[in-house]
Amino acid sequence: MSPGGRAPSPRAPMLLKARLMTPGPTAMAESTRLAMAAATPHHRTTAFADTLREVLEHLRWLWETEDDGDVLVVAGSGTTGMEAAMGTVLAPGDRVAIVRAGKFGERWQALAQLLGCEVVEIPRPWGHSVTAEDVRRILGDEAPVQALVVVASETSTGALQPVPEIAAALRAHSPDALVLVDGITAVGCVDLSMRRHSLDVLVSGSQKAFGLPPGAAFVGMGPRAWARAGSIAPRGMALDLRRERKQSASGQTAFTPAISLVVGAHEVMTRWREMGRDTLLEHADMLSTACLAAARALGLEPFATDLPSPALTSIAVPPTLDGAKLVARMREQYGTHVAGGQDQLKGRILRIGHLGAVDPFDLLQALCALELALHEAGHPVRLGAGVAAAQEALAPWMRQATPSTIHP
């Protein structure tokens, strides 16, 4: 009975907030939403040019580019950004090593083949991470490659790839090879530095750690990538990054940009600069640590067992449960939208995103919804166990941290 003397009924009203806890798109901060709600500026004005220049400078700070490196804003998804980068620096006939350990590694392999490249596969089972020894062993006696493509945070599996170690192993075999990194869910959560890690291309997307709507890709290009691009004949127009580079110096874009997303990125990146890069990455580590602790306390196992990504947590669904129904129940009954598995992992895993404008209390609420859905499905779980484990993991961080509160 409730304090008002009422027993629950099948038609009892329940007010719920919808909570977006997928690995993309991600939750937006109210301050970002308000910035983007302002009147849309024209993209050829001086005011917008100033905004874009500041965004590009913030992105170079986050990417840690070389002095003569660039980060460009391309209208489109993360896939658009990767296609633009690969099409700009790869030529037909190039030998390209592809780290293939999930859906997106497979996507870049297919794209390289469409571009006429010869692919050298560096495969690992879904959910596992490649090691430097894997790279050395597979490339072994192979002829030198012109590039390697790796997904830093494989969104389909929740696995992290050790990009600096992979890059070093590649360069020992092919000193002149370019390193192209899909950092779409990694940037803002994982320490990826174009300068320190000798990366030539690093791509991310607006709908991931940035907490913006989908529609913009951020493409970092280093001096070696630009040098390579200069020797390749253009194969398109809108995705030719050389055109974008010429325009970016003056605060312009080659074509109409995703104006509202640039405005939103300005708000996000200004806030991130105030927080500091290390704080941003520690925040991701904190949420990942707490989510993994909760999963284990609930008797669940992480799917990515080698190196879990700090951007999301993938959890193996017990064989007695239907993962798709569990994800649907969390969304429909408990207002929490997490992601299920893709392709061969449909029904086998669920993926909790803790990137974007997600704080510790958002994560605790999502874990509470997971517990309720598991309990309802008949999984042996003690309500509160996962939440308590997450709180135990979060407490040391939160007691020592200086809050950076997002205000409207």
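Expressed as an acute angle from 0 to 90° and rounded to the nearest 10, what is the orientation of the C-alpha long axis of helix 103-114 relative to the principal long axis of the chain? Between the helix axis and the principal axis of the chain, the angle is about 20 degrees. The fewest-to-most ranking of Met86, Met221 by surrounding Cβ atoms within 10 Å reads Met86, Met221.
Angle, helix 323-332 long axis vs. longest principal axis of the chain, Cα atoms, 0 to 90°, nearest 10? Tilt of helix 323-332: around 70 degrees. Label point of Asp68 set 7 angstrom out along Cα-Cβ; within segment 176-191, amide nitrogens under 20 Å from it belong to 176-180. Arranged from fewest to most other beta-carbon atoms within 10 Å of their beta carbon, Asp68, Asp359 become Asp68, Asp359. Projecting label points 7 angstrom from Cα along Cα→Cβ for Met275 and Arg382 puts them 3.4 nm apart. As a size descriptor, the averaged projected area of the C-alpha convex hull of segment 30-93 was calculated at 6.5 nm².
Each peptide in 325-338, 91-104 gets a packing score, the mean of other Cβ atoms within 10 Å over its residues, and the list from highest to lowest is 91-104, 325-338.
Taking Cα atoms only, the orientation of helix 46-63 departs from the longest principal axis of the chain by about 80 degrees. Each of the peptides 37-46, 227-236 was scored by the mean count of other Cβ atoms within 10 Å over its residues; in descending order, highest first, they stand as 227-236, 37-46.
Which entries in Lys103/Lys246; Lys325/Lys346; Lys17/Lys325 show an alpha-carbon gap greater than 22 Å? Beyond 22 Å between Cα atoms: Lys103/Lys246. Computed about its Cα centre, the charge dipole of the chain is approximately 1000 debye, with only Lys, Arg, Asp and Glu carrying charge at their Cβ.
Sorted from fewest to most neighbouring beta carbons within 10 Å, what does the list Cys368, Cys117 look like? Walk me through the numbers on the way to the answer.
Values: Cys368 18, Cys117 23.
Placing the least packed residue first, the sequence is Cys368, Cys117.
Relative to the globular-protein estimate of 2.2 N^0.38 Å, the Cα radius of gyration of the chain stands at 1.02. When each of the peptides 299-306, 315-322 is scored by the mean number of other C-beta atoms lying within 10 Å of its residues, the order from highest to lowest reads 299-306, 315-322.
Read the figures in this text as sums done on the coordinates, not as results from a lab. Owing to the predicted nature of the structure, the values given are computational and were not obtained by experimental measurement. Please note: Cβ atoms are built from the backbone with ideal geometry, for glycine as well, and neighbour counts cover all protein chains shown.
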